[in-house]
1. Taking only segment 15-64 into account, find how many residues are of a type in the set (D, E, K, R) and in contact with a helix residue (DSSP H, G or I) (Cβ under 6 Å, 6 or more places away or on another chain).
2. Can you give me the number of residues within segment 140-162 that are touching an Asp or Glu at 6+ places or on another chain (Cβ under 7 Å) and surrounded by fewer than 16 Cβ atoms within 10 Å (Cβ to Cβ)?
3. So T19 clears everything in (1) within 12 Å of the ligand (Cβ to nearest atom); (2) more than 13 Å from the chain's Cα centre (by Cα) except one condition, right? Which one?
4. Please work out which residue is farthest from the ligand (Cβ to nearest atom), limiting yourself to segment 40-52 and to residues that are surrounded by 15 or more Cβ atoms within 10 Å (Cβ to Cβ) and under 22 Å from N77 (Cα atoms).
5. Enumerate the strands (runs of 3 or more DSSP E) found wholly within segment 32-131, keeping only those where 3 or more residues are among the hydrophobic types (A, V, I, L, M, F, W, C).
6. How do the pairs read when you match residues in segment 31-53 that are over 21 Å from A127 (Cβ atoms) with residues anywhere that are among the charged types (D, E, K, R), using Cβ under 8 Å and keeping only pairs 6 or more apart or on different chains?
7. Going by what's in this entry, would E131 be described as among the charged types (D, E, K, R) and closer than 17 Å to G11 by Cα?
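Please treat every number below as a calculation from the coordinates, not as lab data. Computed from a predicted model, the values in this text were never measured in an experiment. Virtual Cβ from ideal backbone geometry, glycine too; neighbours counted across all protein chains shown.
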Amino acid sequence: MDSPQNIILIGFMGSGKSTVGRVLRRLLGEEWRYIDTDKRLVEVMGKTIPEIFETEGEIAFRDRESQIVLGVTMGQNQVIATGGGVVLREENIAAIRSSGIVVWLTARPEVIVERTGRKPGKRPLIAKAGEDVLAYVLGMLGERGPLYQKAAHIIVDASDRGPEAIAREILRKAERH
Ligand code: S3P
C-alpha cells in the first residue's frame, strides 16, 4: 500500500466495522492506532448512545459525531471505525475521503438483522424500528446505499467470513487502489 494516512470503515449498523477495524489495526502493526468514533463520542459526552438520542435527540448526536469525525480525520496511521450514519452529512464524507482510503463494509440485510439483534437496546434506531426490523433495514439500506457508495473508495463484503479474512481482503484491495 502506498501508505495511506488512514483507513476508514463505513457501513450499516452490524456490518462489522468495529470487529474488523481492530483486526485490521493488528495486521497493520504497532504504528497504527484503532479509533471508534462512537466510543469517542460516548467518552466525550459521558453518556451512552441511547442516552444521547433520548436526552439530546438525533440532531445533537449528529453534530457531535461530525465534530469527532472532523477532528479524528486530521490524524494519520489510524484505522477509523465510524457510526453507520456518518455518511448522512456531506462534510463527513468530504473529511473521510480526503483523509485516507474509505472502505464500505457491506452485509446482507438478514445478517444485519441477526447481528444487531444480539445487543437489543444498544442502537436506538433499531430499537424504534418496530416489529419488522428487516423491512426497516431494507428501507434504510435503500436510502443510505447511494451515500455509502459515494463515500467509498473500495467495497468489501463482510457477510460470511471471519474478521481476519475480511481485514486481509481490505489490505489487498487497498494496495491495488
Ligand atoms: C447509527 C449507527 C450506530 C451509532 C448510532 C447511529 C446509524 O453506530 O452511531 O446508533 O445512524 O446508523 P454502528 O454503525 O457502529 O452501530
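1. Our first condition is that a residue be of a type in the set (D, E, K, R); within segment 15-64, this holds for 17, 22, 25-26, 30-31, 33, 36, 38-40, 43, 47, 51, 54, 56, 58, 62-64.
Now restrict to residues that are in contact with a helix residue (DSSP H, G or I) (Cβ under 6 Å, 6 or more places away or on another chain): 36, 40, 64.
So the count comes out to 3.
2. Keep residues of segment 140-162 that are touching an Asp or Glu at 6+ places or on another chain (Cβ under 7 Å), which gives 156.
Still in the list and also surrounded by fewer than 16 Cβ atoms within 10 Å (Cβ to Cβ): none.
Within segment 140-162, residues that are touching an Asp or Glu at 6+ places or on another chain (Cβ under 7 Å) and surrounded by fewer than 16 Cβ atoms within 10 Å (Cβ to Cβ) number 0.
3. (2) is the only condition that T19 fails.
4. R40
5. Values: elements: 33-36, 78-81, 101-106.
Answer list for segment 32-131: 78-81, 101-106.
6. W32/R25; R33/R25; Y34/R22; Y34/R25; V44/R64
7. Numbers: among the charged types (D, E, K, R): yes; closer than 17 Å to G11 by Cα: no.
Here the answer is no, as E131 does not meet what is asked.
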